[in-house]
1. Residue check: is A20 under 19 Å from G159 (Cα atoms), in contact (Cβ under 8 Å) with a residue 12 or more places away in the chain and either surrounded by fewer than 21 Cβ atoms within 10 Å (Cβ to Cβ) or touching a Leu at 6+ places or on another chain (Cβ under 8 Å) (or both)?
2. Please go through region 168-193 and pick out each residue that is within 16 Å of E236 (Cα to Cα) and among the aliphatic types (A, V, I, L, M).
3. Counting just the residues of region 86-109 that are small (G, A, S) and more than 13 Å from the chain's Cα centre (by Cα), which one comes out modelled with the lowest pLDDT?
4. For region 112-131, does any single residue satisfy the condition of being at pLDDT below 95, acidic (D, E) and surrounded by fewer than 13 Cβ atoms within 10 Å (Cβ to Cβ)?
5. If we keep just the residues of region 176-212 that are modelled with pLDDT under 90 and over 19 Å from V12 (Cα atoms), which is surrounded by the fewest Cβ atoms within 10 Å (Cβ to Cβ)?
6. Taking the conditions exactly as written (at pLDDT 95 or above and over 17 Å from the mean Cα position of the chain (by Cα)), does P4 satisfy them or not?
7. Out of S75, S49, which single residue is of a type in the set (S, T, N, Q) and within 17 Å of L181 (Cα to Cα)?
8. Can you tell me how many residues in region 30-81 are among the aliphatic types (A, V, I, L, M), closer than 20 Å to A102 by Cα and not in a helix (DSSP H, G or I)?
Amino acid sequence: MTAPDLSVVVPVHNEEANIAPLVGEIVAALRGTIAFEIVYVDDLSRDGSVAALQRLQRDTPELRVIRHLQQAGQSTAIRNGVKAARGAWIATLDGDGQNDPADIPKLLAERAKAGAQIKLFAGWRVDRQDSGSKRWASRWANRIRSRILRDDTPDTGCGIKLFERAAFLDLPYFDHMHRYLPALMQRAGWQTLSVPVNHRHRTAGVSKYNNLNRALVGISDLRGVAWLIRRSKRAEVAEVRAED
């Protein structure tokens, strides 16, 4: 089987009502424009998410589904989806439908114009459709993160991203790493680019996070990523061949 050019990885946990609309939008955005697959990773949902995905597989040949046997969280779901993906480039979307799949072609167009050193194209929610408290908390978190990590990224929490699979799998893995991909890519010696994207209201289901648990985890994670950056070391290599 020929590998697709792009794998769209979508982590979900209890998002039954959002699955069919989002899969339909992904197919509408990409079918006929690029060879792609959709890899849904179910993080042990307790609703009908898996059954909804199985029904969609009958009419969506691009759709693949993997399921965690233990609940492991969003970062692990993304990483397992990327590991299972067959495309050389990965697009990620949150499973709640707030990211717009129509923005994936925009990210691909930016990749086509970019240099080979840019391995991550990060969505930037310039008109975020969340509650006021969530926007306020995210604004301060981004300011603190940017000051400490100096990753020159206005919005690391946006779920829609495009990146090279091999570059991602070479990054250090830890829980919640998906929130620090620009800094981690830059630590590895690659460049990143933020691209304005659409953002939508959640129409079904409930958020899996609140401001307090996000902040408490974020403090520990931020210290860890800062330590990784301080301790990083890179060296260019050249292959040595026998003299002729």
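1. When the stated conditions are applied, A20 passes them.
2. Once the filter is applied, which keeps residues that are within 16 Å of E236 (Cα to Cα) and among the aliphatic types (A, V, I, L, M), region 168-193 yields only A188.
3. Ranking the candidates gives G97 first.
4. Yes, some residue in region 112-131 is at pLDDT below 95, acidic (D, E) and surrounded by fewer than 13 Cβ atoms within 10 Å (Cβ to Cβ).
5. Ranking the candidates gives L212 first.
6. Criteria met by P4.
7. Just a single option satisfies the conditions, and that option is S75.
8. Here the count works out to 5.
The values are calculated or read from the model by the stated rules, or taken from the named source; none is laboratory data. Note that the structure is a prediction, hence the values are computed from the model and not measured. Ideal geometry is used to build each Cβ from the backbone, glycine not excepted, and the neighbour counts take in all protein chains shown.
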